[in-house]
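So the structure is just underneath, and the comments pick up after that.
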Amino acid sequence: MPSHAEPFTASQSPGWREGLWSDDKVTPDRDSSRRSTDASRLTFPLQLVVIIVSSVMAASGAVWAQNVYQRQEMLGLRSDVRDIKTTMEALKTYQGSQIETLQKAHDDLVRKEALDAVRIEETRVIIAEIKGFMTGTGVKVAK
């Protein structure tokens, strides 16, 4: 096994001999001649800064535009739901009045039928009395 001072290479690992890094070093050398990676000393060309800023602004603008579009769609959807709710309430009120009207008509028919049944029974009684009077006086009555 290599020590920590030596860089690890893929050839030192038995499973990586024919892999992607067959003879390359995986970790960089600790060479003092290389440039420092101190973040305070980093410099970027103006073109790169402009590209980064414009990319961020374009992405932000796209997100903002999408949010505006979604808000408009949500407002339209809310309006549609409100219209459907109003229509459903109107239909419910109309159906309620129709049911009430039909219920009253049904109740009137039931009462009229009961009254007709009473009148028919009274008529039968009157006819029976008339038949009785006629039979009592000797008049033949048809059955």
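Backbone N atoms of the stretch 101-116 closer than 20 Å to the 7 Å Cα→Cβ label point of ILE130 belong to residues 116. The share of Cα pairs per 5 Å bin across the stretch 33-143, counted from zero up to the longest distance, runs 2, 8, 6, 7, 5, 5, 5, 4, 5, 4, 5, 4, 4, 4, 3, 3, 3, 3, 3, 3, 2, 2, 2, 2, 2, 2, 1, 1, 0, 0, 0 percent.
Placing dummy labels 7 Å off each Cα toward the beta-carbon, the span from TRP64 to ALA117 is 8.0 nm. D by Stokes-Einstein for the stretch 88-143, Kirkwood Rh over Cα pairs, 25 °C, 0.890 mPa s: 164 µm²/s.
Quick note: the coordinates plus some simple rules give every number you see, no bench work behind them. Owing to the predicted nature of the structure, the values given are computational and were not obtained by experimental measurement. In this analysis, Cβ positions are derived from the backbone assuming ideal geometry, glycine residues included, and neighbour counts consider all displayed protein chains.
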